[in-house]
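Notes for the one structure printed next.
The values are calculated or read from the model by the stated rules, or taken from the named source; none is laboratory data. Predicted model only: the values in this text are computed from it and were never measured. FYI the Cβ positions are ideal-geometry reconstructions off the backbone, even for glycines, and counts take in every protein chain you see.
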């Protein structure tokens, strides 16, 4: 079995197959990540989003999936670089510009550039939020909710208390208390920087063009290209992954930038 699989995954077709599978996995994550991040738009002082953030970073099965996510990003990028380098080496003299425009779309010819922009964005995104949440100086908030009435009061600080020892939730005299890192406020602070907001908008534009081509291409690579279904795949790639998801993500930095603190 290994003798058959090794040549496949070392070939150009095998590398494209790996890129397609990791790319589709990343597309699935994008949908889940967006659903969770939509909690940012709730007018609840970050209650829903902060609880979501804790769940996503501490629930064991989710942590396992996150490691698969990081591995998929690295593998997808490395194989993209290998294939791009190999294709350029095979054609040391580039296509005539007019011929290139005629034979392929702009985004399909510039997937490497688009992917590089997305990688820079991912590194920035992880540094501002994941790293700060796990290891940095994240703000603190305490939610006190009267279970009988639903009334909620908060105690917030720009710094974690010196005695903070992790997320806590408990009920006392009919009042639910949650003490947690305030990633919601960290998001609000971060998106007051216009340069960061601009980076997010450029990255979401790059993501849009990247996915419009990449989503359909991935299905074609794995053999799912029957004429009865390819139109549906193309429509999903354009409207869901090329329009709706990038616009929804881009709306978040704009929302906090214009909302202010």
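In the range 151-261, which helices (runs of 4 or more DSSP H) lie fully inside it and hold 3 or more residues that are within 27 Å of residue 49 (Cβ to Cβ)?
183-190, 194-221, 245-259
Check residue 116 against each of (1) modelled with pLDDT of 85 or more; (2) in contact with a helix residue (DSSP H, G or I) (Cβ under 8 Å, 6 or more places away or on another chain) and name the one condition it does not meet.
Only one criterion in (1) modelled with pLDDT of 85 or more; (2) in contact with a helix residue (DSSP H, G or I) (Cβ under 8 Å, 6 or more places away or on another chain) is unmet by residue 116, namely (2).
Got at least one residue in the range 52-75 being in contact with a strand residue (DSSP E or B) (Cβ under 8 Å, 6 or more places away or on another chain), at pLDDT 80 or above and surrounded by 13 or more Cβ atoms within 10 Å (Cβ to Cβ)?
Yes, the range 52-75 contains at least one residue that is in contact with a strand residue (DSSP E or B) (Cβ under 8 Å, 6 or more places away or on another chain), at pLDDT 80 or above and surrounded by 13 or more Cβ atoms within 10 Å (Cβ to Cβ).
Does the range 116-124 contain any residue that is without any contact (Cβ under 8 Å) to a residue 60 or more places away in the chain, more than 13 Å from the chain's Cα centre (by Cα), part of a helix (DSSP H, G or I) and closer than 18 Å to residue 26 by Cβ?
yes
Between 154, 149, which is surrounded by 15 or more Cβ atoms within 10 Å (Cβ to Cβ), modelled with pLDDT of 95 or more and over 28 Å from the mean Cα position of the chain (by Cα)?
154
Across the range 76-92, what is the total count of residues that are over 17 Å from residue 26 (Cβ atoms) and at pLDDT 85 or above?
Matching residues across the range 76-92 total 1.
Of all residues in the range 39-51, which are surrounded by fewer than 16 Cβ atoms within 10 Å (Cβ to Cβ) and out of contact with any strand residue (DSSP E or B) (no Cβ under 8 Å at 6 or more places or on another chain)?
Of everything in the range 39-51, those that are surrounded by fewer than 16 Cβ atoms within 10 Å (Cβ to Cβ) and out of contact with any strand residue (DSSP E or B) (no Cβ under 8 Å at 6 or more places or on another chain) turn out to be 41, 42, 43.
Residue 95 - would you say it is assigned to a helix (DSSP H, G or I), at pLDDT below 95, out of contact with any strand residue (DSSP E or B) (no Cβ under 8 Å at 6 or more places or on another chain) and over 30 Å from residue 52 (Cα atoms)?
Judged against the criteria, residue 95 is not a match.
If the requirement is being touching a helix residue (DSSP H, G or I) at 6+ places or on another chain (Cβ under 7 Å), more than 24 Å from residue 70 (Cβ to Cβ) and assigned by TED's automatic domain parsing to the domain that holds residue 13, which of these qualifies: 192, 132, 220?
Result of the check over 192, 132, 220: 192.
Looking at this structure, is residue 30 farther than 22 Å from residue 260 by Cα and in contact (Cβ under 8 Å) with a residue 60 or more places away in the chain?
yes
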